[in-house]
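Quick notes on the structure that follows.
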2 protein chains.
Amino acid sequence: MNIEPLLKYISKYIDLTTDEIAFLKSKITVRKFLKGQYIVQQGDVCRYTCFVLSGCTKTFYVDSEGQEHILMFSIEDWWTSDMGSFITQTPADFNVQCLENSELVIFPYESYENLLAGIPKLERFFRQIIEKAFVASQKRIVRNNSLSAKNQYLYFREQYPLIEQRIPQYMIASYLGITKEFLSKIKSQLILEQ
Amino acid sequence: MNIEPLLKYISKYIDLTTDEIAFLKSKITVRKFLKGQYIVQQGDVCRYTCFVLSGCTKTFYVDSEGQEHILMFSIEDWWTSDMGSFITQTPADFNVQCLENSELVIFPYESYENLLAGIPKLERFFRQIIEKAFVASQKRIVRNNSLSAKNQYLYFREQYPLIEQRIPQYMIASYLGITKEFLSKIKSQLILEQ
């Protein structure tokens, strides 16, 4: 099981011993998904949280009128799941779908709490990465309420240049909460301003 | 030190022994703030995270044009701080101000990691409450992008009836990312629909 990127990521926060790495490996699996496959579907219970070794996923919500609203994208070294469904084991509000062939480290729900109880340092690690994710999420709420769509797009492009190259424009528009026509207009305007 | 509401809140997640409660008490303080006082100001480092025993706070961001954007309100049994500033000890993006005379349990930064290391169960407790806060934050992003302003207001009113009674309308408008005139229009429309 090659989980080097995950171990490197964890090592930024905590040091794991050889025994702890072995215990971690006994609780997780690595799984490949094809482009288009779902990690979880809205209404189903999300059975695992995942670390992306390679590939790209999108997390989205389909409203009662069938419209898709993208919450986030996850690429290498990011996490993906419907966290709300995962921690409560209740039906998911979101879909998580692979936009590319992807390889993910799977943390099954049954092993997650057990793993963290077995390696208290991992409890700290997960607390710290969730704190960071929460902060990023709070800042995004404020950006959504305070920045113009154009500035939100510029922020996205600056922060996530690698993601922008890998996904279609209409998905970026959905992530920003605007129509693809409006995003196209913003981009034309930015070219004129150069 | 009367921290009964905090202990009751913690007991929903974990059981603390008498010794652990004593250790917890040795790491925290209870502090009163007057209406109008700041817990942290944008640009300063947030030195503590707080649990609200009584009162109400607002967390907000002032943009370069001097406009205020409210991220959240916190009342009894909620947490308040600039979490991003607190965990990194870098300047805060947000202000946290008391909207009422408030009594808060203060977890100073210097004690926080030490407290969690001393009581590993508390590490679990904080991980679990931050997971929940993160999920709520993610759902709010999707609501902001998918619901009309009217439906966002209805959601707010239904979810937080106690908050709505305690704070001025223009702050609710700021929280929703709309003008107070637009909120007033929505409310008039809702009265007509009754």
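The values are calculated or read from the model by the stated rules, or taken from the named source; none is laboratory data. Just so it is clear, the model here is predicted, and its values are computed rather than measured. All Cβ positions, even for glycine, are placed from backbone atoms using ideal geometry, and neighbour counts span all protein chains on display. Ligands, DNA and RNA are excluded from the accessible area calculation, which covers all protein heavy atoms including side chains. Shrake-Rupley method; radii C 1.70, N 1.55, O 1.52, S 1.80 Å.
A few points about this structure:
- Given (1) open to solvent by 40 Å² or more (accessible area, probe 1.4 Å); (2) part of a loop (DSSP other than H, G, I, E, B), number of the condition A:Asn151 does not satisfy: (2)
- Residue check for B:Glu164: modelled with pLDDT under 90, part of a helix (DSSP H, G or I) and more than 11 Å from chain A (Cβ to nearest Cβ): yes
- If you check B:Val96, B:Val105, B:Val142 for being within 16 Å of A:Val142 (Cα to Cα), more than 9 Å from chain A (Cβ to nearest Cβ) and touching a strand residue (DSSP E or B) at 6+ places or on another chain (Cβ under 6 Å), only one passes: B:Val96.
- Subset of segment A:9-48 (residues that are among the charged types (D, E, K, R) and over 30 Å from A:Ser64 (Cβ atoms)): A:Lys12, A:Asp15, A:Asp19, A:Glu20, A:Lys25, A:Lys27, A:Arg31, A:Lys32
- Residues of segment B:49-86 that are touching a Phe, Trp or Tyr at 6+ places or on another chain (Cβ under 6 Å), facing chain A (nearest Cβ under 10 Å) and open to solvent by 40 Å² or more (accessible area, probe 1.4 Å): B:Tyr61, B:Glu68.
- Lone unmet requirement of (1) within 9 Å of chain A (Cβ to nearest Cβ); (2) over 23 Å from A:Asn144 (Cα atoms); (3) of a type in the set (S, T, N, Q) for B:Asn114: (1)
- Residue, least open to solvent (accessible area, probe 1.4 Å), within segment A:27-47, restricted to residues that are over 15 Å from A:Tyr112 (Cβ atoms) and in contact with an Asp or Glu (Cβ under 7 Å, 6 or more places away or on another chain): A:Val30
- Every pair of residues 6+ apart whose Cβ atoms lie under 9 Å, when the first sits in segment B:24-48 and is under 20 Å from B:Phe125 (Cβ atoms) while the second is assigned to a loop (DSSP other than H, G, I, E, B) and open to solvent by 50 Å² or more (accessible area, probe 1.4 Å): B:Lys25/B:Met1; B:Ile28/B:Met1; B:Thr29/B:Met1; B:Val30/B:Met1; B:Val30/B:Asn2
- Residues being in a helix (DSSP H, G or I) and open to solvent by less than 20 Å² (accessible area, probe 1.4 Å) - total across segment B:119-128: 5
- Which numbered condition A:Ser137 fails, given (1) more than 30 Å from A:Lys27 (Cα to Cα); (2) part of a helix (DSSP H, G or I): (1)
- Any hit, segment B:101-111, residues being modelled with pLDDT of 95 or more, closer than 22 Å to B:Glu76 by Cβ and among the acidic types (Asp, Glu): yes
- Residue in segment B:97-106 that is in contact with a helix residue (DSSP H, G or I) (Cβ under 6 Å, 6 or more places away or on another chain), over 30 Å from B:Ser184 (Cα atoms) and assigned to a strand (DSSP E or B) present: yes
- Positions within segment A:173-186 being part of a helix (DSSP H, G or I) and free of Cβ contacts under 8 Å to residues at least 24 places away in the same chain, in sequence order: A:Ala173, A:Lys180, A:Glu181, A:Ser184, A:Lys185
- Search result, residues across segment A:117-133 that are free of Cβ contacts under 8 Å to residues at least 24 places away in the same chain and either more than 8 Å from chain B (Cβ to nearest Cβ) or small (Gly, Ala, Ser) (or both): A:Ala117
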